[in-house]
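Student: For reference, the structure I am asking about is given below.
Since every read-out is calculated from the coordinates, none of them should be taken as a lab result. From a predicted model like this one, the values you see are computed outputs, not experimental measurements. Every residue, glycine among them, receives a Cβ derived from its backbone with ideal geometry; neighbour counts consider all protein chains shown.
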Amino acid sequence: MQLSNETRAEVLTHALPYIQKYRNKIIVVKYGGNAMISEELKDAVIGDLILLSIIGIKVVLVHGGGPEINEMLKKTGKKSEFIDGLRVTDKESVEIVQMVLAGKINKNIVNQIQSKGGKAVGLCGIDAHMIKAKKLDDVHGYVGEITEINTDLISDLIEKDYIPVISTIGYDDDNNSYNINADTAAAYIAGALKAESLINMTDIPGLLKDKNDPSTLIKKLYVSDAPELMHEGVISGGMIPKIKCCTEAIRMGVKKVFIIDGRIPHAILIETLTDEGIGTMFVE
């Protein structure tokens, strides 16, 4: 669609207050779901991140990679099993997860950002002892529970206008690696950075009163109301851990947390630089 010069000028004028509001502030984006699979959506996400970075917003990208991990495990004859939404990860599987997340996926994202004129550095939670963890429990194997976040390297990079691209592999003092849930890692990283906002990209419009009716989108939610919505069943199933991550990020000092539909092109810009936004906003 071709826009007239007048329309383009109007769009930029409306975006100006938001650019001023977020300039020199930190935004953490959790990248996952269909937006990592569709080439069109990949291009839109990368373009959004570069634009935000160029206008002076400090962007940190935390990514998952479930489908590619599933594919690699299948190739090696291993079955993907999930309990309470978390991947059961034995010693061999965590090595595969680390290879796929910190290797292939991470470096592909970095390459995509740089090929479009952005500046990015690929990291995993082991680098600079960023994500320290311990074993969550014996049932999930090498799935980690975060015990400490070190943001020194992230802070150094964003001060130099790089976009840190972080894969969620944790470590412990015994040289073990852990598979860390990306939603959880993004929340903890955003909290440790005292980010202005955390944006969670998903394959749903946001939190719905009726999960089968997109028109029932809850646009704003106070974290104190979340337990009641869980009790009522509005928040259920796979949404429970996502909502818990959102509320935890707010409690750790993040100003606003969003769940947005990553299937919509340029969803990040719509949520960040417009009046209405498109998803659910969590606030204290």
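Student: Of the options H14, G85, T274, report the single residue whose Cα projects farthest towards the positive end of the charge dipole of the chain (beta-carbon charges: Lys, Arg +1; Asp, Glu -1).
Tutor: H14
Student: Restricting the count to DSSP beta bridges whose residues both fall in the range 1-89, what percent are antiparallel, rounded to a multiple of 5?
Tutor: 25 percent
Student: Hey, what did the range 175-284 get for relative contact order, percent, Cα under 8 Å, at least 6 apart?
Tutor: Over the range 175-284, the number comes to 37 percent.
Student: Another one. Mind checking the log10 I(q)/I(0) for the range 65-150 at q = 0.14, 0.26 Å⁻¹? Debye, one equal scatterer per Cα, no solvent, two decimals.
Tutor: Calculated log10 I(q)/I(0) at the listed q: -0.57, -1.29.
Student: Along the positive direction of the dipole of the range 72-171 (beta-carbon charges: Lys, Arg +1; Asp, Glu -1; about the Cα centre), which of V143, S155, V165 reaches farthest?
Tutor: It is V165.
Student: OK, next. Note down the magnitude of the dipole of the range 186-284 about its Cα centre, charges +1 on Lys and Arg C-beta and -1 on Asp and Glu C-beta and zero elsewhere, to the nearest 20 debye.
Tutor: About 260 debye.
Student: Also, quick follow-up: For the chain, what does -39500 (n - 2.57) per DSSP helix run (n ≥ 4), summed and divided by total residues, give at 222 nm, in deg cm²/dmol to the nearest 500?
Tutor: That comes out to -11500 deg cm²/dmol.
Student: Just for the chain, what percent of DSSP beta bridges are antiparallel, to the closest 5?
Tutor: Within the chain, antiparallel bridges account for around 30 percent of the total.
Student: Which shape class, rounded, prolate or oblate, goes with the range 160-247 when its Cα gyration tensor gives a ≥ b ≥ c as root eigenvalues, a/c under 1.5 marks rounded, and past that a/b bigger than b/c marks prolate?
Tutor: The shape class here is prolate.
Student: Once you keep just the Cα pairs under 8 angstrom separated by 6 or more residues, what percentage relative contact order results for the chain?
Tutor: 21 percent
Student: Going by Cα centres, the range 38-79 and the range 194-209 are how many Å apart?
Tutor: 16 Å
Student: About the Cα centre of the range 1-152, what is the dipole size in debye to 20, counting +1 per Lys and Arg Cβ and -1 per Asp and Glu Cβ, all else neutral? Provide the component values of the computation, followed by the final result.
Tutor: Numbers: 20 positive and 19 negative charges, 69 e Å.
Charge dipole, the range 1-152, about its Cα centre: 340 debye, nearest 20.
Student: Then there is this: What ranking, highest mean first, results for peptides 100-107, 42-49 when packing means the other Cβ atoms within 10 Å averaged over each residue? Mind showing how you got there, number by number?
Tutor: Working: 100-107: 19.1, 42-49: 20.8.
Ranked by mean Cβ neighbours within 10 Å, highest first: 42-49, 100-107.
Student: Determine which residues of the range 236-254 fall in the zone a paramagnetic label at T216 would reach in this model, i.e. backbone nitrogen under 18 Å from the point 7 Å along Cα→Cβ.
Tutor: Output list for this probe position: 236-240, 243.
Student: What's the magnitude of the charge dipole for the chain around its Cα centre, counting Lys and Arg as +1 and Asp and Glu as -1 at the beta-carbon? Answer in Debye, nearest 20.
Tutor: 420 debye
Student: Taking R0 as 41 Å, what's the FRET efficiency between S155 and K104 from their Cβ-Cβ distance, rounded to 0.05?
Tutor: 0.95
Student: Sequence gap at least 6, Cα distance under 8 Å: using those rules, report the relative contact order of the range 16-107 to the nearest whole percent.
Tutor: Details: 74 pairs, mean separation 25.9, N = 92.
Reported relative contact order: 28 percent.
Student: Could you check how many percent of all C-alpha pairs in the chain are farther apart than 23 Å?
Tutor: 53 percent
Student: R251 to I54: FRET efficiency via 1/(1 + (r/R0)^6), r the Cβ-Cβ distance, R0 41 Å, to the nearest 0.05?
Tutor: 0.80
Student: Something else: Would you mind calculating the gained length between N70 and D43 on full extension (0.36 nm times residue separation, minus the Cα-Cα distance), in nm to one decimal? If you can, show how the numbers build up before the last one.
Tutor: Values: separation 27, 0.36 × 27 = 9.72 nm, distance 2.33 nm.
My answer for the length gained is 7.4 nm.
Student: Okay, next question. What FRET efficiency comes out for H231 versus N24 if R0 is 45 angstrom and r is the Cβ-Cβ distance? Round to the nearest 0.05.
Tutor: Calculated value: 0.65.
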